[in-house]
Amino acid sequence: MTALGPGDVEALTALDATAQAQLVRTGEATAEDLVTAAVTRVEALDPQLNAVVTPAFERALDQVKAGLPDGPFTGVPYLLKDLVTEQEGVPLREGSVFLRDHVSRHDQELVRRLRAAGLVILGKTATSEFGMSPTCESVLYGPTRNPWDTTRTTGGSSGGSAAAVAARMVPAAHGNDVGGSLRFPASCCGLFGLKPNRARVPLGAAYGDAFGGWACEHALTRSVRDCAALLDAVAGPEPGDPYPAPSAPGPFADQVRREPGRLRIAFSRRPAEGHPVHADCLAALDDALGLLAGLGHELVEAELPGLTPDVGDAIGTVYGGTLSWILAYWIRELGREPRPDELEPLTRAYWEHGLRLTGGDYLLAVTTLQRFARTTARFLGRFDTWLTPTLAQPPLLLGEMTSTEDQPLRAAERSAPFVAFPAVVANITGAPAMSVPLYWSGAGLPIGVHFLGRVGDEATLLRLAAQLERARPWADRRPDRPTTPTWHDPAARASLEEGPPVAPANGDGHDGDDAG
């Protein structure tokens with residue numbers, strides 16, 4: 001590796017992906033410089049944070065030495081979330097002891113597009129088991145810690161990627177979202193998190209869609225321009241996709257440079273099911289409302305209609321049915337069923353619930369949710385976006401959203417007040433949504449605000465986010481963490497390359513929670 005001093009590492013890792021790529025284009029830095037700086041940062045911080053669970057540093061350097069394509073992010077280091085995204089020859093464990101020995105046999109189309117953009121993949125990041133939790137505390141990996149306060153959750157299920165980006169290990173990292181899994185960690189870790197429109201980014205080659213179209217792939221970033229340019233690099237249909245996304249009005253990167261105009265923004269302070277909202281989350285909302293009013297936007301207090309109990313029941317049916325599909329898929333791939341100690345208690349409970357459902361139950365739930373999606377579309381026909389806090393509470397202490405053998409549903413029960421605002425509406429409807437990091441509490445914890453957009457309209461959200469970023473820059477806010485270099489220690493390096501230890505699935509383990 002290139003020898004970089006502490007000042008070089010600090011200077012390089014402080015830049016967003018767009019700025020890092022510009023250094024490579026102008027010859028002010030090499031791809032090896034960027035990768036070395038990122039690896040140095042990972043080795044310094046990951047022992048405390050537990051974000052990078054499958055290092056692939058030598059593989060990344062080999063990629064650099066073999067020559068990189070000329071793309072918008074040539075030489076920029078990147079991390080993949082260890083969920084869904086297959087990279088040939090690299091383990092895919094999805095946070096589960098059941099998959100601890102699985103190695104991918106193909107590249108997902110998204111991975112091919114990321115490489116074509118010139119990104120250098122350094123490894124994989126922690127997730128909850130099968131992504132079914134808004135915290136990253138799996139039995140397989142152990143807890144991933146928030147760089148802003150290592151006693152607290154990163155959010156989930158893209159929490160490993162969020163921790164890595166917030167800690168400046170990499171400027172951006174992959175995540176995916178079936179109910180808030182990009183947006184929750186963005187809020188908890190002080191990042192920008194956009195869930196794109198349904199089908200904007202393909203899920204092939206293994207999947208046409210996932211979660212009945214709820215699952216979306218994208219990234220966690222520190223800057224809005226990185227988010228937009230990354231979306232340009234990977235968006236677009238793949239032959240055989242089951243349905244298309246609505247057409248975009250040109251490159252997403254162009255939207256960041258455009259003013260949004262005067263928007264009509266609905267907002268609400270009330271979460272679903274009457275859960276209380278922490279004062280810091282309400283303060284974050286009020287702060288955003290003041291900023292938006294100062295920017296000239298029209299603000300209207302309005303509740304999202306249609307969130308009736310039957311919609312909540314239908315959401316539960318889809319989660320249960322999909323978890324049974326996930327297990328059926330992996331049982332087929334691995335050629336065996338999981339042993340009792342290979343699944344976490346919450347996963348087993350959801351699986352058993354899913355096995356009791358019929359095809360008719362699932363399709364009735366889909367019918368209910370499609371009706372709700374039409375109600376939401378009519379509501380957003382009157383507004384440009386709908387604003388709420390992203391979460392109803394600041395990042396919770398680790399261990400608060402975990403299950404045990406005696407209480408398998410404890411995680412779901414404890415997470416419900418945390419994720420009380422209906423981020424899953426974006427997944428149900430297919431619409432884009434984003435968490436924007438405008439506020440930090442008195443305790444120094446980031447708290448995001450959430451904007452739900454209209455179907456197909458990432459452009460308005462990106463224009464608005466860029467305007468907010470200009471008015472209230474957040475990228476220079478960073479957590480301070482101690483450094484403990486390990487990568488150049490051969491014993492520690494061997495331990496990292498072997499991957500995380502596998503803990504037994506018992507009542508003392510940290511388990512998943514309601515889907516993230």
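Taken together, the residues in the range 78-136 that are touching a Gly at 6+ places or on another chain (Cβ under 6 Å) and of a type in the set (Val, Ile, Thr) amount to 3.
One residue is enough: does the range 320-340 have a residue meeting the conditions of a type in the set (Gly, Ala, Ser) and either exposed (fewer than 13 other Cβ atoms within 10 Å of the Cβ) or in contact with a His (Cβ under 6 Å, 6 or more places away or on another chain) (or both)? Lay out the reasoning, then the answer.
We begin by selecting, within the range 320-340, every residue of a type in the set (Gly, Ala, Ser); these are 320-321, 324, 328, 335.
If we keep only those that are either exposed (fewer than 13 other Cβ atoms within 10 Å of the Cβ) or in contact with a His (Cβ under 6 Å, 6 or more places away or on another chain) (or both) as well, we get 320, 335.
Yes; the residues of the range 320-340 include at least one that is of a type in the set (Gly, Ala, Ser) and either exposed (fewer than 13 other Cβ atoms within 10 Å of the Cβ) or in contact with a His (Cβ under 6 Å, 6 or more places away or on another chain) (or both).
Taken across the range 306-317, residues that are surrounded by fewer than 13 Cβ atoms within 10 Å (Cβ to Cβ) and over 15 Å from residue 365 (Cβ atoms) do not occur at all. Taking the range 161-219 as the range and being charged (D, E, K, R) and closer than 24 Å to residue 473 by Cβ as the test, the residues that pass are 168, 183, 195. Tally time: how many residues in the range 135-158 are surrounded by fewer than 24 Cβ atoms within 10 Å (Cβ to Cβ) and either in contact with a strand residue (DSSP E or B) (Cβ under 7 Å, 6 or more places away or on another chain) or polar (S, T, N, Q) (or both)? Count: 4.
Filtering the range 101-134 to residues that are surrounded by fewer than 24 Cβ atoms within 10 Å (Cβ to Cβ), in contact (Cβ under 8 Å) with a residue 24 or more places away in the chain, of a type outside the set (A, V, I, L, M, F, W, C) and touching a strand residue (DSSP E or B) at 6+ places or on another chain (Cβ under 8 Å) leaves 102, 115.
Any residue that is touching a residue at least 12 places away in the same chain (Cβ under 8 Å), in a loop (DSSP other than H, G, I, E, B), closer than 30 Å to residue 469 by Cβ and among the polar types (S, T, N, Q) - is there at least one of those in the range 67-82? Please lay out each step first, then the result.
Start the filter on the range 67-82 by keeping residues that are touching a residue at least 12 places away in the same chain (Cβ under 8 Å), which leaves 68-82.
Narrowing the set further to residues that are in a loop (DSSP other than H, G, I, E, B) leaves 68-76, 82.
Imposing the further condition that a residue be closer than 30 Å to residue 469 by Cβ reduces the set to 68-76, 82.
Filter once more, so that each one left must be among the polar types (S, T, N, Q): 74.
Scanning the range 67-82 turns up at least one residue that is touching a residue at least 12 places away in the same chain (Cβ under 8 Å), in a loop (DSSP other than H, G, I, E, B), closer than 30 Å to residue 469 by Cβ and among the polar types (S, T, N, Q).
Just one of (1) of a type in the set (Asp, Glu); (2) in a loop (DSSP other than H, G, I, E, B); (3) under 26 Å from residue 218 (Cα atoms) fails for residue 469. It is (2).
Identify all residues within the range 259-276 that are out of contact with any Lys or Arg (no Cβ under 7 Å at 6 or more places or on another chain) and either surrounded by fewer than 19 Cβ atoms within 10 Å (Cβ to Cβ) or under 14 Å from residue 419 (Cα atoms) (or both); write none if there are none. Of everything in the range 259-276, those that are out of contact with any Lys or Arg (no Cβ under 7 Å at 6 or more places or on another chain) and either surrounded by fewer than 19 Cβ atoms within 10 Å (Cβ to Cβ) or under 14 Å from residue 419 (Cα atoms) (or both) turn out to be 261, 262, 264, 268, 269, 270, 271, 272, 273, 274, 275, 276. Cβ separations smaller than 8 Å between residues 6+ apart or across chains give no pair from the range 137-163 residues that are free of Cβ contacts under 8 Å to residues at least 40 places away in the same chain to residues that are surrounded by fewer than 24 Cβ atoms within 10 Å (Cβ to Cβ).
Determine if the range 86-97 includes at least one residue that is at positive phi and either among the hydrophobic types (A, V, I, L, M, F, W, C) or not in a loop (DSSP other than H, G, I, E, B) (or both). Checking the range 86-97: not a single residue is at positive phi and either among the hydrophobic types (A, V, I, L, M, F, W, C) or not in a loop (DSSP other than H, G, I, E, B) (or both). When the range 4-32 is limited to residues that are touching a residue at least 24 places away in the same chain (Cβ under 8 Å) and over 17 Å from residue 72 (Cα atoms), the one that is farthest from the chain's Cα centre (by Cα) turns out to be 4. The strands (runs of 3 or more DSSP E) falling completely within the range 204-316 that include 1 or more residues that are over 22 Å from the mean Cα position of the chain (by Cα) map to 264-267, 298-301.
Identify the residue in the range 436-445 that is assigned to a strand (DSSP E or B) and more than 16 Å from the chain's Cα centre (by Cα) and, among all such residues, is surrounded by the fewest Cβ atoms within 10 Å (Cβ to Cβ). Outline the logic, then answer.
Taking the range 436-445 first, the residues assigned to a strand (DSSP E or B) are 436-440.
Remaining after also requiring more than 16 Å from the chain's Cα centre (by Cα): 438-440.
On the way: 438: 21, 439: 24, 440: 18.
Ranking the candidates gives 440 first.
With respect to (1) surrounded by fewer than 17 Cβ atoms within 10 Å (Cβ to Cβ); (2) in a loop (DSSP other than H, G, I, E, B), the lone exception for residue 200 is condition (1).
None of the figures in this text is laboratory data; all of them are computed from the coordinates on show. Just so we're clear, the structure is a prediction, and the values are computed from it rather than from any experiment. Glycine also receives a Cβ, built like all others from the backbone with ideal geometry; neighbour counts cover every protein chain displayed.
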